[in-house]
Amino acid sequence: SVYHYFSDRHEVDAEILRRHVDGLGKVFAAVLQSSAPEPRTLREAVDAIVDPVLAHFRRHPSCTELWFAGRHDLLVEQVRAFDEEQAGKTWQYLVERNLLAADTPRLVLLLAFEVANRFLDVAFRRDPAGDDAVIDEARTCLTAYLGTYGP
C-alpha cells in the first residue's frame, strides 16, 4: 500500500528525509535564535551548532543512514539544499556576533558544512552513536578553518 503513494523506494526515503530535514531546520532555528548566552568564541559557536545536530542524529538513526549512506540523487539534493540554506543563516549568525569577518565569502560556510558532513559520516560509520573522537576532531577542524576568516 505504500507504493500507492510513492512510485518507488527512493521516494519513500526522500519523504522520510524531508521530515528529518524539517526537524533539523527547527534545530538550527532554535540555535540561531536562542536567547541562551551568546557565544563569545568561534569554538563556542561551533559547539552550539554541532551539539544539537549531533543529538538529532543520535536520536534518529534513520536520519543518519539516509543523510550519509549510499544516497540516491533525491536525497543528495535534499541535503545539498539544506546545507546551502543553513550555511547562509550560519554565516549571518557568525558575522552578527563578530566571530566571522563580514567580507567572508558565503562559500566558506558551505564548505564548512561539507566538511562537517564528511566528519559526521565517518563518526557514524565508526560507531552507530557517532564516534566522539571523530566529532571532537570535526570541532577542531571547523573552528580552525573558520578562524582563518575571523574579524
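The values are calculated or read from the model by the stated rules, or taken from the named source; none is laboratory data. Quantities reported herein were computed from a predicted structural model and do not represent experimental measurements. All Cβ positions, glycine included, derive from the backbone under ideal geometry; neighbour counts span all protein chains shown. Only protein heavy atoms, including side chains, enter the accessible area calculation; ligands, DNA and RNA are left aside. Shrake-Rupley method; radii C 1.70, N 1.55, O 1.52, S 1.80 Å.
For the chain, the 222 nm mean residue ellipticity estimated from helices alone, with every DSSP H stretch of n ≥ 4 adding -39500 (n - 2.57) and the total spread over all residues, rounds to -25500 deg cm²/dmol.
Within the accessible area of the chain, the carbon and sulfur atoms contribute 56%, probe 1.4 Å, all protein chains present. Accessible surface calculations at 1.4 Å, restricted to protein heavy atoms, place the chain at 56 Å² per residue. Within the listed set ALA14, ALA133, ALA29, the residue fluctuating most in the Gaussian network model of the chain (springs between alpha-carbon atoms under 10 angstrom) is ALA133. Where Lys and Arg each count +1 and Asp and Glu each count -1, what net charge lies around CYS63 among other residues with Cβ under 14 Å from its Cβ? Net charge in that neighbourhood comes out at +1.
May I ask for the angle, rounded to the nearest 10°, between helix 9-32 and the longest principal axis of the chain, with both axes built from Cα atoms and the value confined to 0 to 90°? The helix 9-32 is inclined about 20 degrees to the chain.
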